Every structure is written in structure tokens, then in C-alpha cells.
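The values are calculated or read from the model by the stated rules, or taken from the named source; none is laboratory data. Quick caveat: nothing in here was measured; it's all calculated off a predicted structure. Glycine gets a Cβ as well: all are built from the backbone with ideal geometry, and neighbour counts include every protein chain shown. We work out accessible area using only protein heavy atoms, side chains counted, and drop any ligands, DNA or RNA first. Shrake-Rupley method; radii C 1.70, N 1.55, O 1.52, S 1.80 Å.
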Amino acid sequence: MRKMLLAALSRLLQGPAAHHKPGAVSEAARLVVASRNYADFANEASFDIKKCDLHRLEEGPPTTAVMTREQGLQYYRTMQTIRRMELKADQLYKQKIIRGFCHLYDGQEACCVGLEAAINKTDHLITAYRAHGFTYTRGIAVREILAELTGRKGGCAKGKGGSMHMYAKNFYGGNGIVGAQVPLGAGIALACKYFGKDEVCLTLYGDGAANQGQIFETFNMAALWKLPCIFICENNRYGMGTSVERAAASTDYYKRGDFIPGLRVDGMDILAVREATKFAADHCRSGKGPMVMELQTYRYHGHSMSDPGISYRTREEIQEVRSKSDPITLLKDRMVNNNLANVEELKEIDVEVRKHIEDAAQFATTDPEPSLEELGNCIYSNEPPFEVRGPNQWTRYKSVG
């Protein structure tokens, strides 16, 4: 960018007729300012991050992290996109355009963005029903996510999955049964090991699901078979409306694997999440078996859209987290204070993101709904068409893969 600006400036100043054109000097001045602004930014900066609590580990992830300007801008745009997408989903739900279950992710953006920044696209990820952010970071466009929420044909699951059932390449949902995705994640990790692939599976669940028996069964099998699986508990302090202190005898979720090494990470800091995930992924890829990570995070909305979120916690508590620990604000302050960006540039990104979300919402509210005849489609992949019984024995639908 800097070279292009300087080249354009040189042409303006060296052209034989430059002094005869009134606009040439002002254009040159504008380019000088632009060139100086871009040139004045640092290419990268180093940041201190909170030390992780460790379980069965002699040393953990680094306590410093390097972030380039390009990475910072990308992280900022991605987190803002997820935040604005969730706020738009909230608005559409209150307008009764989105119906049914809907669990929003605003406040927890550093988790999904930090995790994705630390792994490869060929790695695998499976999560629970608070899945919109992961669907986006795994590669699905905002318009397809919102269209899925509104039940339209252009949705990522053709309008038939809704909020809890979205999928992408190497992303396995979006699962509505509490904790049931954890054994599935171990199965994906088993496939990685069985086929000799240098891949890991990130298996996410919440603090509420952490007390499920099937999770402990999965820990045991994963440790026995040394599966390349990172079990990640997104601890947002409340399982539905119950605080972790009232639900769990031990809230040290990173120690729950007992014989599996664990990390407790600041889940509101994208760099802390990124560095911890890199550490855990390296552990798994080296054949040492699984690891448990606890991400300490916070959701701004209630558990779901039917939960106002203030009957079991105060507005003051939510506001305190917003003012002191918001993941987007933390990243923004770091970038501005370390000369990786300026406030004006980040405001431009905000404007672009808002327009992007509005355009996506327009698509999600005008795209047609799937016809009733499509109800039985996509049950199996690569199977010849067959009949599916409808709501009564006289109604039949044809299923096409």
C-alpha cells in the first residue's frame, strides 16, 4: 500500500503539467498524508497476557504474544461482525421473524475467534447450541447464517436446521442435546488418529454441561486411546439461570479431566485464547493425548431468547463486565495504544460491518422459505430418492440427497 501511494505521489509531482493543474497539489497533499498515516503504523507489537492456571503440566503457554497489524485488523473485524450479527438476530427475534430456540454469543467472541486463529482449516470443531459465532469463523457467510435463523432456502442448512443446527466443512454443529456433542468430538478425534492425519478436534461444551456423565466417560476413553482432542469448557458463569457455584462442587473445570492435563484461560482475551489453543494443539499433535481447556468468559444476553438474563444476575454485574473485560474493547485499546491502528480506521471497519449485517438481514428476510415438498430432502447423502412418511400415513414426501 505504501509503495502504491508513493508511486502515485511521484507521478503527480513529476508530471510536466502538474504545476498547471489546480487539483494536483491538493491531491499530492492528500496522498502524502495517507502515506504518512500508513507508514506510521507499527507492523507488529508484543503484549503481556495472563498466565494460565495449570493442571498436570510443568509449564504452560507463553505469557507474551506477538500480534501483527494485519492480524489485529482481521480479529477486530471478525469479532465486530459476530457481535453485530448477534444483535441483529436479537432484533429479528423480537420482531418474531426468527422463532424457536435461539442462543446468542455476544460477549464470548474472543473464544471462537481466538480458537480459530490457532488451528488449521483442516482441523475439526464441534460445539453445543450457542453456535452462530463458530459457524461464521468456520467459513459460513453472515447472510447464510441469518437466513438459516429465519428459515429460508438460502440458509446454510437450507432453512431446516435453525439456530442450533448449522454446519460447515470440518464443523459438525450446532448440537441441541446438552453435552451429547462431546462423545461425538472424541469420535472425530479417533478418526483423525485412525487415518493417521495430523489433525485435532476441538470439542466444546458449557459449564452447565460439564456435570454430564457422558463427558467423564469420554475423558476416560480419550485418555486411554491418546486421542488428539482438545476438550474446551466455555465457562460463562451460568448454566441457564444457575451460577456455577450453585451447580458444581468444584468449579475448577480445567481439572475435571483428572488424569488429563488442563489449562484455565482468560476467555475474554483473544490473544490468551490463541496462545493457549496453539499450546494445546501442539500437545495433541505430538501424540501426548487429549487436553482440557477452560475458557473463562461471559455472555451478555440471557441463556436463550426466552431468558431476560437479569433474574439471577444484576444489570450492574453485566455492565461491569462490559466496561472492564469486553473482548472487542480490549483488542481495540491494545491496537490503538500500540500504534497498530487508529480510532478512525477502526470506526470505518465498524461502519462497513454494520452495512454488511444490514445487507445480510435484508437477504434473510426476503429470501423465500423452502416448499413443503422439500421437507424430506437431504436425509442421506448420495442415496437414490425414496419416500418419507409425513405427519400422517397418507402424506408422503420424496427425499432427495
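A compact table of results
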| quantity | calculated |
| --- | --- |
| D123 being closer than 24 Å to V182 by Cβ, in contact (Cβ under 8 Å) with a residue 24 or more places away in the chain, among the acidic types (D, E) and open to solvent by less than 30 Å² (accessible area, probe 1.4 Å) | yes |
| From the options Y238, Y194, residue that is farther than 23 Å from T297 by Cα and at pLDDT 95 or above | Y194 |
| Subset tally (residues that are touching a residue at least 40 places away in the same chain (Cβ under 8 Å) and either open to solvent by 60 Å² or more (accessible area, probe 1.4 Å) or among the hydrophobic types (A, V, I, L, M, F, W, C) (or both)) for the range 359-374 | 7 |
| Scope the range 208-261; condition in contact with a strand residue (DSSP E or B) (Cβ under 9 Å, 6 or more places away or on another chain) and small (G, A, S); matching residues | G208, A209, A210, A222, G239, A247, A248, G257 |
| Which listed residue is modelled with pLDDT of 95 or more and aliphatic (A, V, I, L, M), from V400, V292, V388 | V292 |
| Number of the condition not met by R315 [criteria: (1) at pLDDT 95 or above; (2) surrounded by 12 or more Cβ atoms within 10 Å (Cβ to Cβ)] | (2) |
| Verdict on T78 being modelled with pLDDT of 95 or more, hydroxyl-bearing (S, T, Y) and open to solvent by less than 10 Å² (accessible area, probe 1.4 Å) | no |
| Identity of the residue in the range 339-355, within 16 Å of Y75 (Cβ to Cβ) and open to solvent by less than 60 Å² (accessible area, probe 1.4 Å), that ends up nearest to the chain's Cα centre (by Cα) | V353 |
| Leading residue by the ranking (farthest from P261 (Cα to Cα)) among those in the range 48-75 that are open to solvent by 60 Å² or more (accessible area, probe 1.4 Å) and part of a strand (DSSP E or B) | V66 |
| Residues that are of a type in the set (V, I, T) and either in contact (Cβ under 8 Å) with a residue 24 or more places away in the chain or within 20 Å of V113 (Cα to Cα) (or both), drawn from the range 304-350 | V321, I328, T329, V336, I349 |
| Residue in the range 375-388 that is without any contact (Cβ under 8 Å) to a residue 12 or more places away in the chain, in contact with a Ser or Thr (Cβ under 9 Å, 6 or more places away or on another chain) and of a type outside the set (G, A, S) present | no |
| Residue count for the range 353-387, restricted to those that are under 12 Å from K398 (Cα atoms) and among the small types (G, A, S) | 1 |
| Residue that is polar (S, T, N, Q), at pLDDT below 95 and more than 25 Å from R152 (Cβ to Cβ), where the choices are N377, N382 | N382 |
| Failed item, numbered, when I97 is tested on (1) aliphatic (A, V, I, L, M); (2) open to solvent by less than 20 Å² (accessible area, probe 1.4 Å); (3) farther than 23 Å from E275 by Cβ | (2) |
| Qualifying strands (runs of 3 or more DSSP E) (wholly inside the range 177-292; at least 1 residues being over 16 Å from L54 (Cβ atoms), of a type outside the set (A, V, I, L, M) and touching a residue at least 24 places away in the same chain (Cβ under 8 Å)) | 201-206, 229-235 |
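For (1) within 23 Å of R285 (Cα to Cα); (2) open to solvent by less than 30 Å² (accessible area, probe 1.4 Å); (3) in contact with an Asp or Glu (Cβ under 9 Å, 6 or more places away or on another chain); (4) small (G, A, S), each residue gets a yes or a no:
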position	(1), (2), (3), (4)
S163	no, yes, yes, yes
G176	no, no, no, yes
G185	yes, yes, no, yes
C192	yes, yes, yes, no
N211	no, no, no, no
